[in-house]
């Protein structure tokens, strides 16, 4: 097994045989994502593909990476969104557009990984964390899992059109709007009923259920699985519109700046619609 980390070990990448595991490793912050962690996730996706390609060397061929697993450290969160402190310097809509483009590059790279990707979800799976889980091929959750994007009551910003597309793709427009407009969390059972979670189990069983799923994937034909996930990805992206104007308006608003200040101060924001 070999490993590396991003930003002092906040993201761990470890290979054990044919399985590459990415661990979001900020349990004290509910694994909220720093920009360095997003960059590290992108690099892990590059590694998964490089070591899955038949090359005759250490990484490729039948002994190469066949499955990628994503999980959060600790027992309270998969990923509780992007670290809000990183929004403090945003002053214009252009800042939001640049941020969402950067996140979309990472999310799209994860979705395009050639081997099956499995998200092991316990606790909070929120905001950017929900996007990461949605970009994976399978999501296995324990009963503590909570899924949502409560920004309508917290920050007053928005998602990229790419992330909206992922949520609508998985949940359907009615459930996606229910989650977003009412800013409510879906529990594990509701996520399973919506088809978002492939399986729900007790916290004590999560690791075993993930291992069983990984073992099953390792026995299946790699090109058949790649074809299924690649076709699914292309179908989602085929009708994706531009949404920079939406992002610029939300991130450039007085409401967003007030929302960030209130979130950091643990206060309730007052929305003006400006």
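A short reminder: the numbers here are calculations on the coordinates, not readings from a lab. Everything numeric here is computed off the predicted structure, so don't read it as measured data. Cβ atoms come from the backbone with ideal geometry, glycine included; neighbour counts cover every protein chain shown.
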*Work out how far the C-alpha atoms of the chain reach from end to end along every principal axis, then list the three figures in whole Å, largest first.*
59, 39, 35
*asked:* Based on alpha-carbon centroids, what's the gap between the stretch 134-157 and the stretch 177-226 in Å, whole number please?
replied: 12
*asked:* Compute the helix-to-body angle for 93-111: its Cα long axis versus the longest principal axis of the chain, expressed 0 to 90° and rounded to tens.
replied: 20
*asked:* Please compute the modelled spin-label separation between residue 211 and residue 112, points set 7 Å along Cα→Cβ, answer in nm with one decimal.
replied: 3.5
_I'd like to compare 248-261, 81-94, 134-147, 113-126: which one has the highest average count of other Cβ atoms within 10 Å, and what's the full order after that?_
113-126, 134-147, 248-261, 81-94
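If I take R0 = 25 Å and measure r between the Cβ atoms of residue 84 and residue 270 in this structure, what FRET efficiency does the formula 1/(1 + (r/R0)^6) give, to the nearest 0.05? Can you show the working numbers first?
Details: r = 18 Å, r/R0 = 0.71.
With a Förster radius of 25 Å, E is 0.90.
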*Only bridges with both residues in the chain count here: give the DSSP antiparallel percent, nearest 5.*
35
_How many angstrom lie between the Cα centre of the stretch 23-38 and the Cα centre of the stretch 89-113?_
17
*Measure nothing fancy, just the Cα-based angle from helix 35-52's long axis to the longest principal axis of the chain, in degrees from 0 to 90, nearest 10.*
20
*Within the chain, helix-based [θ] at 222 nm, where runs of 4 or more DSSP H residues each add -39,500 (n - 2.57), nearest 500*: -13500 deg cm²/dmol
*asked:* With angles folded into 0 to 90 degrees, how steeply does helix 254-265 sit against the dominant principal axis of the chain? Use alpha carbons for both and round to 10.
replied: 70
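Report for the stretch 95-249 the percent antiparallel among DSSP-assigned beta bridges with both residues inside it, nearest 5. Spell out each step's value before the answer.
Values: 2 of 12 bridges.
Looking only at bridges with both residues in the stretch 95-249, the antiparallel portion is about 15 percent.
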*asked:* Output needed for the stretch 110-225: three equivalent-ellipsoid semi-axes, defined as square roots of 5 times the C-alpha gyration tensor eigenvalues, in descending order, whole Å.
replied: 25, 17, 11
